[in-house]
1. Do you know the relative contact order of the stretch 189-235, to the nearest whole percent, from alpha carbon pairs under 8 angstrom that are 6+ apart?
2. Compute the distance in nm between two label points, each set 7 Å from the Cα along the Cα-to-Cβ direction, one at ILE366 and one at THR29.
3. Please work out the C-alpha center-to-center distance from the stretch 49-67 to the stretch 256-334 and express it in whole Å.
4. Given the convex hull over the Cα atoms of the stretch 311-372, what projected area results after averaging over all orientations, in nm²?
5. For GLU250 and GLU307, what is the calculated FRET efficiency with R₀ set at 41 Å and r taken between the beta-carbons, to the nearest 0.05?
6. Please list the non-local residues whose amide H lies under 5 Å from the amide H of TRP337, H modeled 1.01 Å from N, same-chain partners needing a gap of 5 or more.
7. For the stretch 81-93, just list the computed ³J(HN,Hα) in residue order, Karplus coefficients 6.51, -1.76 and 1.60, θ = phi - 60°, integers in Hz, with x standing in for Gly and Pro.
8. Under 1.5 on a/c is rounded, so check that first for the stretch 263-370, then, if it is not, pick prolate when a/b is larger than b/c and oblate when it is not; a ≥ b ≥ c are the square roots of the alpha carbon gyration tensor eigenvalues.
Amino acid sequence: MPVATRPALTPRVPAVHPLDGKPSLIGMTREELGEALAEVRVPPKQIKMRVQQLWHWMYVRGVGDFDAMFNVSKDLRASLDARFTIARPEIIEEQISEDGTRKWLFRFPPRGAGRPVEIETVYIPEEGRGTLCISSQVGCTLTCSFCHTGTQKLVRNLTAEEVLAQLITARHRLGDFPDRDTPDGAIVPADGRKITNIVMMGMGEPLYNFDEVKKALLIAADNEGLSMSKRRITLSTSGVVPEIARTGEEIGVMLAISLHATNDDLRDLLVPINKKYPLKDLIAACRAYPGLSNARRITFEYVMLREVNDSIEDAKALVKLLKGIPAKINLIPFNPWPGTNYQCSEWEQIEKFADYINQAGYASPIRTPRGRDILAACGQLKSESERMKKTERLAFEAMMIANHGEE
């Protein structure tokens, strides 16, 4: 396998509040929080205790202002408020689909000489679970030909604070944090949470923003804070091969691969990163993924495109390609968007494809399209500022509602 160079990473820029320019404590490690407390002259002997207090308030209770931290002294709260922020991003729009899916358009402040940016985050409620689809970049560099998000140019990477802010704000909007009056130290049950799973499958390629995504996911999985199980966090990549092993070793979450084709010629067209990291290298990296087992399978995402990749011959090639890899294959009915030349496979053909995969011994659930009427389905996310004119979007959404479920 050829040696590939790691992509250049955008330097971390401290998160700032849209109004006052103060850096955010959200997304800092415990060590960085200790340094922040030292800046406001907390005595060294108190720093460990104060870090734990802040961690509890930010990630167990999800408070958005320092005044809510009632067991922190008034003077310290004032000092923190003068120097830092824990404010949530601005919610520009919240849409609720007829199937219960929610989509938020968040606005984050400018970085340096930049401008404010907007990203979309989607919540998908299902029986027994609720999945939050989180973005890692503003826009995307990958230009996958079937993906609406890929038609938006990359603006910048999100910071760890901005990745975490999506989870914290969604939990707040869904009432997923303890009530303000819950006594300090009370046992807050994890069951019944509305957000049980995270998927890094929103806007952008997470592994082109590895360091910030790693930092955010390790904080999300911390058992003294947000307490998301690593078994319920899935990072999806289009195939940034050099970072796949690091994902298993340094983050330890579940892995998903946006595959969509079983030969290089077609994948070069559908997922152009394949030209840099071809299938043989990608599959080799998957076979070597740290901790891979039947209990920790890789999910392969496969979008169903009519008369492109949906034949039984394609199904046979898929089984052959993945032979010996503990895997689940998610079949995704194509979600249309304005200007695309692709069509969704016929439902009967999708079922035949799934039956063949199942008979070969692989779980191959067909992902039920969710949130299509609000452009919240897989591959449909795109910043509002980069999207079609509002009149065109409303007309398209009306058409989608009228045709919902008829693919």
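Every number in this text was worked out from the coordinates using simple rules, so none of it is lab data. No experiment lies behind these values; they were computed from the predicted model shown. Cβ: placed from backbone, ideal geometry, glycine included. Neighbour counts: every protein chain shown.
1. Result for the stretch 189-235 is 47 percent.
2. Calculated label separation equals 4.7 nm.
3. Cα centroid of the stretch 49-67 versus Cα centroid of the stretch 256-334: 42 Å apart.
4. 4.9 nm²
5. Efficiency computed from Cβ-Cβ geometry: 0.50.
6. Placed amide hydrogens put nothing under 5 Å from TRP337.
7. Listing the rounded values in order: 5, 6, 10, 9, 9, 10, 5, 7, x, 6, 8, 7, 7 Hz.
8. oblate
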